Amino acid sequence: MLPPDPAEQLLLDLGITEPAEIDVEVIACLSGAVVGYRPLPCGDARILGVGNKAIITVDAGASPARQRFSVAHELGHWHHHRGQRLVCHAAGQSDPASVGGAEREADRYAASLLMPRFMMTPVVASAPMSMALVHWVAERFRASLLAAMLRLVDVHAGAFAVVVEQPDGRRWFKRSATLDRRWLVWPNGPAECRTEDSRTCPAIDWYRGSGLSRRRVAYEVQPLGGGCTVHLIGRPI
């Protein structure tokens, strides 16, 4: 049996059962941390703790969803990395494979705290994966669209992949656990796909593997702020 998720266990210990009850500042206070907001010259947030008390400072210029994730991210550090002073850059926005272990751990904690599996699974189990579902989750759980999409990759039972295109041209992807491992995600899809809202396209535009030449995939794209774009690619059919 897997050990309980620490963020979800904290919510259960506090009696929190609905998304509207997830108040990160209150949770931080109950965890011994005070949250403050001010302009930061670098990084999205930082935490400084002594003993069982900590101060979390969040960039005052960030969006509410980004601030919320940043607080949850720092609480992840508070849980996993006490005794260290860390400056966090673009929490939850980067390629998971490109960030250090401590940042990945804090990101996972934040995602579980803000969008716990035990709240999400019942409401997304019967819904097909789509950008409409991403928007619904983001609104219900007060998360950014990208954070909601990446959490759905972890929680949703569907077979799909997401490809994130960043302003500098870099691309990275994340695939759901149920997507057939024989199909390798090819993040450099055709340029014309970047301007389409919703469509189907050849599977070989986005996947590599045997038996794909005549298959197609459902495809949606979502422009995000700051020049970032997210592509949702379904399983080959």
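The values are calculated or read from the model by the stated rules, or taken from the named source; none is laboratory data. These numbers were taken from a predicted model, which means no experiment stands behind them. Note that we place each Cβ from the backbone using ideal geometry, even for glycine, and neighbour counts take in every protein chain shown.
Figures for the structure shown
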quantity	calculated
Unmet criterion (only one of (1) touching a Pro at 6+ places or on another chain (Cβ under 9 Å); (2) at pLDDT 95 or above) for Ser176	(1)
Residue in region 1-31 that is nearest to Val58 (Cα to Cα), counting only those that are over 22 Å from the mean Cα position of the chain (by Cα) and surrounded by 14 or more Cβ atoms within 10 Å (Cβ to Cβ)	Ser31
Residue pairs meeting the criteria (Cβ under 7 Å; at least 6 apart or on separate chains; first surrounded by 12 or more Cβ atoms within 10 Å (Cβ to Cβ), in region 118-129; second among the acidic types (Asp, Glu))	Phe118/Glu8
Verdict on Asp168 being surrounded by fewer than 12 Cβ atoms within 10 Å (Cβ to Cβ), closer than 21 Å to Leu224 by Cβ and acidic (Asp, Glu)	yes
Scan of region 32-45 for residues that are surrounded by 15 or more Cβ atoms within 10 Å (Cβ to Cβ) and either small (Gly, Ala, Ser) or under 26 Å from Arg117 (Cα atoms) (or both), ordered by number	Ala33, Val35, Gly43, Asp44, Ala45
Hits in region 37-60 (condition: outside any loop (DSSP other than H, G, I, E, B) and under 23 Å from the mean Cα position of the chain (by Cα))	Tyr37, Ala45, Arg46, Ile47, Ile56, Thr57, Val58, Asp59
Identity of the residue in region 130-155, more than 13 Å from Arg66 (Cα to Cα) and not aliphatic (A, V, I, L, M), that ends up surrounded by the fewest Cβ atoms within 10 Å (Cβ to Cβ)	Glu139
